[in-house]
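> The structure under discussion is supplied below as structure tokens; questions concerning it will follow.
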Amino acid sequence: MLGFENILSRIRGIHELKERSLLHFYYKGRGIIHFHADSGNIYADVGTSRIMIGTIEKPDPAAEELLYAAILREISMPI
């Protein structure tokens, strides 16, 4: 996902998460987050929530911060 390297690097830096396949992350064997595109927008599904993190052309830094916090909440790590 060109342009989304910053958030992907931060997610990959969470040692408790395992990227079993490209852009699909797991925590203790449970799917936690995956990414997909729809109608030119990039979404991240975290648990049961869907967060739009930008368009194919441009990430949204504020949405990326919300995504990161949602991931930490999902795996019960302090923010």
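> Just name the residue that is farthest from LEU72 (Cα to Cα) out of those in segment 1-37 that are at pLDDT below 95 and of a type in the set (Asp, Glu).
GLU5
> Would you list the strands (runs of 3 or more DSSP E) that sit entirely within the chain and hold 3 or more residues that are free of Cβ contacts under 8 Å to residues at least 12 places away in the same chain?
Here the list reads 17-21, 30-38.
Residue-by-condition table, conditions (1) surrounded by 11 or more Cβ atoms within 10 Å (Cβ to Cβ); (2) within 19 Å of ARG12 (Cα to Cα):
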position	(1), (2)
HIS36	yes, yes
TYR43	yes, yes
VAL46	yes, yes
SER49	yes, no
GLU57	no, no
GLU65	yes, yes
TYR68	yes, yes
ILE71	yes, yes
GLU74	yes, yes
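> Turning to a different aspect of this structure: Please enumerate the residues belonging to segment 2-34 that are small (Gly, Ala, Ser) and surrounded by 10 or more Cβ atoms within 10 Å (Cβ to Cβ).
So in segment 2-34, the residues small (Gly, Ala, Ser) come out as 3, 9, 13, 21, 29, 31.
Of everything in segment 2-34, those that are small (Gly, Ala, Ser) and surrounded by 10 or more Cβ atoms within 10 Å (Cβ to Cβ) turn out to be GLY3, GLY31.
> Any idea how many residues of segment 1-33 are in contact with a Leu (Cβ under 7 Å, 6 or more places away or on another chain), of a type in the set (A, V, I, L, M) and within 15 Å of ALA70 (Cβ to Cβ)?
Within segment 1-33, residues that are in contact with a Leu (Cβ under 7 Å, 6 or more places away or on another chain), of a type in the set (A, V, I, L, M) and within 15 Å of ALA70 (Cβ to Cβ) number 3.
The values are calculated or read from the model by the stated rules, or taken from the named source; none is laboratory data. It should be emphasised that the depicted structure is a prediction, and the values quoted were computed from it without experimental measurement. So basically every Cβ, Gly included, is an ideal-geometry build from the backbone, and we count neighbours across all protein chains shown.
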